[in-house]
1. List pairs: first in region 990-1009 and under 24 Å from T868 (Cα atoms), second loosely packed, with under 15 Cβ neighbours inside 10 Å and at pLDDT below 90, Cβ under 6 Å, 6+ apart or cross-chain?
2. Checking the condition farther than 19 Å from W893 by Cβ, at pLDDT 90 or above and crowded, with 17+ Cβ neighbours inside 10 Å, which residue from V794, V774 passes?
3. When you go through Q678, Q633, Q699, Q613 one by one, which is the residue that is under 30 Å from Y583 (Cα atoms) and surrounded by fewer than 23 Cβ atoms within 10 Å (Cβ to Cβ)?
4. Considering region 364-387 alone, what residues qualify as being more than 42 Å from the chain's Cα centre (by Cα) and among the basic types (K, R)?
5. Going by the structure shown, is E158 under 35 Å from the mean Cα position of the chain (by Cα), among the charged types (D, E, K, R), at pLDDT below 85 and closer than 24 Å to I210 by Cβ?
6. Filter region 643-658 for residues that are in contact with a helix residue (DSSP H, G or I) (Cβ under 8 Å, 6 or more places away or on another chain) and part of a helix (DSSP H, G or I); which is nearest to E488 (Cα to Cα)?
7. Confirm whether V209 is open to solvent by less than 50 Å² (accessible area, probe 1.4 Å) and touching a strand residue (DSSP E or B) at 6+ places or on another chain (Cβ under 8 Å).
Amino acid sequence: MWLNPEEVLLKNALKLWVTERSNDFFLLQRRRGHGEPTSRITGLLVGALDTVLDSNARVTPFRILLQIPGSQISWVIASGELLPCFISSGAVIEEVNKHWDWLVHNLLHSLSVFENKEDVASFVRGKVKGLIAEEVRGRQAAQEDDPEKFREALRKFELHFGLPSSEKLVTYYSCCCWKGRVPRQGFLYLSINHVAFYSFLLGKEVKFVIPWAEVTRLERVSTGLMTEAIRVNTRQRQREFSMFLNLDEAFGVIGQLADIALRRLLDSEGLELDRVLQQPTRITKRILEEQAIREYVLALFRLPRGEKLYEVASCSVWTPHARCHTAGSLYTTDSYLCFSSREEGNCILLIPLSEVLSIEKAESTSLLPNPVIVSIRTKKAFQLIELQDRDELVESLNSRLRSLQWKQSMFRTRKDSKRSVVSVTLVSLVVNALMTAFHQNQPGTNGKKSAEQVKERLWEDHFSEFGRGVHMFRTEKIQRLVAMGIPESLRGELWMTLSDASSELESHQGYYTGLVQKSMGHSSLATEEIERDLHRSLPDHPAFQNPTGIAALRRVLTAYAHRNPKIGYCQSMNILASVLLLYAKEEEAFWLLVAVCERMLPDYFNRRVIGAQVDQSVFEELIRERLPELAEQVPDLSTLSSVSLSWFLTLFLSVLPFQSAVCVVDCFFFHGIKAIFQLGLAVLDANAALLSASTDDGQALMILTSFLDQVGGEDSSCVPSSPPAAEESSCSDADIPAVGHANITDLINESYEKFGDLTVRQIERLRCRHRIRVLQAHEDTTKENALRLVTPDVSISPENLADIYDLFKVSPDYHASSCSETLMCERTYGDSGRSYVERQYRLDRPQFKSLYGLLVPWPGGSNQHTDTLANRSFTLLDQDRDNLVTFREFASWLDTLYCEELNEKIRLLYRLHIPPALTESEDDPSVMKSPLLSTNRPLYVNLSSVKDYQEQLKQMLQDLVKEKEKDVEKPLPLMNQREFIQFCKTLYSMFHGDPEENDLFQAIATVTSLVLQIGEAGHRGQTSESEVIGKEEAKAAAPAPAEDAGLDGGSDGKSAAESEWTVSYAQILASLLTEQALVNFFEKPVDLTAKIREAKERQYHQRASLLTLQQGTR
């Protein structure tokens, strides 16, 4: 196969290659030992060498080299490789010979006309890269349903838009783009980073490219002119596309690509992306379709986010309660068999592979075609029929089942060997649900006792008919039982069953106790927040007025923060964990919390609660769709969504009476987030008339609060806990109509009746689309705050500053390294010295150097010197020595280069050539080698220079005063001869390529000569003066005691340093001002707008190249 040309210095080092064919420009070589008799000693030695030295990669048996006559350098341009799919040696030889013949017939005769041999190498390398690109297009096209059509579309995409070769086309659609009332028929191309449109009709060409990072909203709209269209909104304008052959498919793919790109580019919290999607160049339309199904399956069955989807098959499952086979779909993942009926929610079955004993094929009959029997540990069996490709499916399932059983046996053996040791060191855990020991309200009436008993009997009957445990059939009947409220005696068990936290507990025996032990005694920001919120968690419940309950809550929250430091601890987790501890054992409560935070409410519990905000945006759209009259009367739904945020974050626990809220939690564990959406819509529907008549946001809030306060249970005869007396009510309260008592069961049943047709698939599609809006809104807010902080301090125009921010934010490889480092700094140390906005985006040294090369206004001369100046600039700007530069520091630096007066530009250049920017070794720009670092003595105190604790404290106080005086203008240190030489070198490099280059070189030569004379004169004057003073001091000084010898030595060193050749900033500035050519150069305005425009283009290509490089290393 063709290879990206790679240099080879020695064509036949160690005689490892044998030349088979050759001419003036190419060599075909065979690896010694390949194709030779096995008895040949050289072949055996080379084979052994390849095995020892290259055990992780295959050495190709053939290669083709490009050789230039008279040069010692060659390039490997093709190879023949024995692939792991057992391609024969003859096929490899045939492929290499085919490449050789192509080179001989198509290139060899053309190369003889080149006079410059270097041009030969460039020509051949370019040709080979073109062949590689063609092969890549061919492989990509081969993955599509119609390779030839896709290949043609790919060729047109590259021809029309001129994007980098690494920009991968995912799919394309024929459609119309509307320009006013005029439709333009053309093609919409969707790539990994862009949506592009091209049309050529009646001699008019229309084409444009929209980066996914600029998309702020996607909508499906209908107007009188268009039946239905897709509207793509950016910050500048909107585009509408219609007349798709399959609009649903196109809209879904557009939403997926925009969502993936924005999560990859904009989110610094690192929203979870599948491993395949983290490698953009591997994304295809087929992968997007598979990913959409996987996201749906994970949400429908609330599976762990790491589960990989393997097979999707249509089948029917025998349902004993219905005495028939129910048709639906089977989904298989790493650890689960999942079944859902055709109508979502009618029948759901979840079988963990850890519960399975065997999966066997049964005899096929006309009534039972292709049956499969799945036997589980509770001596039950499930029958599946009508399975296509049954043999392959069963084989795959059995393979995963054997692997899982082997892992379980290994873990069980390991835990048995450690159990005796662990049992001695275990901490004391709460082994029963707290509700068994602490009752908020003892059942005072026989009515409540009998109601609980009735519920228990109904559930026992249900278990006997539908099964018990994770693998029971989940139907509409269980939905009705859950709506009534799960009995307290079964609540913990059913929560564990419905969430499948029981499987996690079973497969991680001893995990929680180990976490508790590891986290004990550790202090962090998360543990501080936990301690602060412990006594705010259900403070009225007796279980959390007791040390036992508080200690259990502390252990659960601390253990989870230790397990998942990315989330750590977020407010509202304490309320949720408290309720879980009331009805489940401590270890069970921990695994329930894991299920909620990591599976059932993904991306909810982080600093920016992205998941919750996405669902609020989805909730707003559902209000417009399901409650149109309310949406018409209350056009601004942001008030309602801000009120409902706590409903989603706490599952109504913070707004409903406790017994009613627990019923909502029951529904949540059965239906997931769908239950919260439905109940939220039902609450708004019940209060629609009052909300429509409300006059302000405060009144709407009071209406919803009053309603939720009075939602009681079946046995509840309560009235509002603190009813306002008529004489005490304020005028605002009097305006709020009285709200009648509501029953939680009725409210839940009403939510199912009116909004039960809402499906998980619809929610997932809405989430994908609304995540784009939320991420862009966060980005806009962050940008506005950052610009508001920086704008008063700089003279750069707001428009240019906004563009600089965009360049700073998407610096190459920013999200691969800087995000995690910044977040870690913030989590660990708090970084209290800076605001959140200042900490949001920061660059490390490589990223800063990349931007330096894009935006510096002067020519850099050699690449090596430009790199040196970039290192010095970073060290100078990194004032707090954390190896990161903030946007404020970066903008201030650019402002000096482009907007400040001549003297400030020279001052900046001067500072770049003295410590700390100029280090002792330019090869190692480590700030640890800066001679001025010792001024930060709160971090380091030289104990040899202080004699007692008081002096040390005094020194630290002095240093603190120095820190406060940092902002005061200080005279710059003098520049020595070595530093001045570096300064001159920089000036020479800056003038390279300037139209006035000759005049500038002559001017700098004159200035250099003048400054050297000034320095020499000062040096001679200092030397003579120091000699006179030294003689006078020697006469006056008494003989020094022995222990003071070290101090005298230091004084001598100081005198020597003072007598060194030095010049000041003022002397250099005055000398530069004598040359008009230099003054004109530094005062010449530079078009920052044009520079930014060019930098954006170059940065895009840098990022595209980086993407290709990262893909090549995987």
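The values are calculated or read from the model by the stated rules, or taken from the named source; none is laboratory data. Keep in mind that what you see is a predicted model, and the values were worked out from it rather than measured. A quick note on method: Cβ atoms are made from the backbone with ideal geometry, for glycine too, and the neighbour counts reach across all protein chains shown. Protein only, heavy atoms only, side chains kept; ligands, DNA and RNA dropped before computing areas. Shrake-Rupley method; radii C 1.70, N 1.55, O 1.52, S 1.80 Å.
1. F991/E997; H992/P859; G993/P859
2. Exactly one residue qualifies, and that residue is V774.
3. Q613
4. If the condition is that a residue be more than 42 Å from the chain's Cα centre (by Cα) and among the basic types (K, R), then K379, K380 are the ones that fit.
5. It is false that E158 is under 35 Å from the mean Cα position of the chain (by Cα), among the charged types (D, E, K, R), at pLDDT below 85 and closer than 24 Å to I210 by Cβ.
6. By that ranking, first place goes to T650.
7. It is false that V209 is open to solvent by less than 50 Å² (accessible area, probe 1.4 Å) and touching a strand residue (DSSP E or B) at 6+ places or on another chain (Cβ under 8 Å).
For every residue, the table says whether it meets (1) crowded, with 19+ Cβ neighbours inside 10 Å; (2) closer than 23 Å to S537 by Cβ; (3) modelled with pLDDT of 90 or more.
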position	(1), (2), (3)
V424	no, no, no
A437	no, yes, no
P443	no, no, no
M496	yes, yes, yes
T513	yes, yes, yes
